[in-house]
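The values are calculated or read from the model by the stated rules, or taken from the named source; none is laboratory data. Note that the structure is predicted; figures quoted are calculated from it, not measured. Quick reminder, even Gly has a Cβ in these numbers, built from the backbone with ideal geometry, and neighbours come from all protein chains shown. Areas reflect the complete protein model, heavy atoms only, side chains present, ligands, DNA and RNA absent. Shrake-Rupley method; radii C 1.70, N 1.55, O 1.52, S 1.80 Å.
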Amino acid sequence: MLARAARGTGALLLRGSVQASGRVPHRASSGLPRNTVILFVPQQEAWVVERMGRFHRILDPGLNVLIPVLDRIRYVQSLKEIVINVPEQSAVTLDNVTLQIDGVLYLRIMDPYKASYGVEDPEYAVTQLAQTTMRSELGKLSLDKVFRERESLNANIVDAINQAADCWGIRCLRYEIKDIHVPPRVKESMQMQVEAERRKRATVLESEGTRESAINVAEGKKQAQILASEAEKAEQINQAAENGDAAASLTVAEQYVSAFSKLAKDSNTVLLPSNPSDVTSMVAQAMGVYGALTKAPGPGAQSSSENRRDVQAADTSIEELGRVKLS
């Protein structure tokens with residue numbers, strides 16, 4: 001009878017505390033079990049036991065034995081990761097733009113004792129802290145940076161929550177912003193800005209393409225002029241070489257003919273060709289001598305200086321031919 005009355009009194013006290021606060025002051029995944037002397041605690045749960053109204057101990061997972069009437073299970077805390085939806089709220093950015101933003105909070109109870117006695121409702125406290133921290137962090141950023149630095153914003157909110165929730169035995173694992181709603185007028189101006197930026201990039205790319213095209217055309221003209229000048233230069237060199245050969249041939253022929261005339265003037269010793277009346281054959285014979293001396297050089301050919309010496313030697317031989325005396 002005494003134990004039954006005590007259990008009834010404890011149940012009435014629990015209902016009274018819940019109705020007065022309006023929220024359940026604990027995270028009870030399996031509810032508040034009754035003290036049946038022998039209890040089996042599930043894995044990843046922490047049962048906080050009070051003895052005669054004071055904290056006694058935290059039951060480990062598995063088999064546990066409690067004393068009736070004296071011991072009472074006051075809180076049941078889940079040690080699993082908890083997901084909490086942060087309600088949508090308004091926040092003002094650094095450039096005075098009002099945003100509607102919500103998020104998701106992931107946390108875990110690290111110390112069941114602090115979570116039970118450090119704060120009345122851990123989840124509600126962390127949710128409110130996340131909302132206030134989000135408004136504070138958004139007030140430090142402009143609208144453009146809110147979208148670009150979303151990850152850093154989440155990290156700053158997590159750090160701020162962990163600093164404040166350490167005394168509650170709760171650790172915030174991560175925070176993710178779900179949706180960011182921008183006022184319609186601001187959204188229209190952002191779209192216009194994006195379109196202007198795209199047009200700017202298109203204009204820049206088009207001008208760069210025109211510039212590259214003009215450079216390529218100019219470079220092609222330059223190379224064409226260089227090749228044309230080189231071809232003209234080579235042609236002039238070839239013509240000069242041909243004219244030089246012709247001039248050398250003419251000089252040899254003149255020397256060949258003058259040798260006979262000199263022999264006729266200076267002495268009575270004359271060497272005449274087989275057909276002295278045929279000047280063409282005389283020139284051809286002289287050109288034959290010159291051609292034999294100026295053939296294309298082979299692997300063991302003589303140098304140009306040696307060829308000149310050979311031509312001079314031929315000229316000397318032609319002159320010496322006239323010194324043969326006729327009897």
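Just a few scattered comments:
- Taken together, the residues in region 164-183 that are open to solvent by 60 Å² or more (accessible area, probe 1.4 Å) and in contact (Cβ under 8 Å) with a residue 60 or more places away in the chain amount to 7.
- Options V217, V186: the member that is at pLDDT 75 or above, closer than 30 Å to E88 by Cα and open to solvent by less than 100 Å² (accessible area, probe 1.4 Å): V186
- Subset of region 134-157 [among the hydrophobic types (A, V, I, L, M, F, W, C) and touching a Ser or Thr at 6+ places or on another chain (Cβ under 9 Å)]: L138, L141, L143, V146, I157
- Whichever residue in region 194-214 is small (G, A, S) and within 23 Å of the chain's Cα centre (by Cα) and, among such residues, is most open to solvent (accessible area, probe 1.4 Å): A202
- Positions within region 118-136 being open to solvent by 30 Å² or more (accessible area, probe 1.4 Å) and not β-branched (V, I, T), in sequence order: G118, E120, E123, Y124, Q128, L129, R135, S136
- Cβ separations smaller than 9 Å between residues 6+ apart or across chains give the following pairs from region 78-96 residues that are free of Cβ contacts under 8 Å to residues at least 40 places away in the same chain and exposed (fewer than 12 other Cβ atoms within 10 Å of the Cβ) to residues that are assigned to a strand (DSSP E or B) and aromatic (F, W, Y): V83/Y106.
- When residues of region 98-117 are limited to those that are crowded, with 16+ Cβ neighbours inside 10 Å and under 43 Å from the mean Cα position of the chain (by Cα), the one farthest from E81 (Cα to Cα): L99
- Evaluating G53 against the criteria (1) more than 26 Å from A130 (Cβ to Cβ); (2) open to solvent by less than 80 Å² (accessible area, probe 1.4 Å); (3) touching a helix residue (DSSP H, G or I) at 6+ places or on another chain (Cβ under 7 Å); (4) at pLDDT below 90 leaves one unmet condition, (3).
- Residue within region 145-156 that is aromatic (F, W, Y), at pLDDT 90 or above and within 31 Å of the chain's Cα centre (by Cα) present: no
- Of all the residues in region 154-199, those that are of a type outside the set (K, R) and in contact with a strand residue (DSSP E or B) (Cβ under 7 Å, 6 or more places away or on another chain) number 18.
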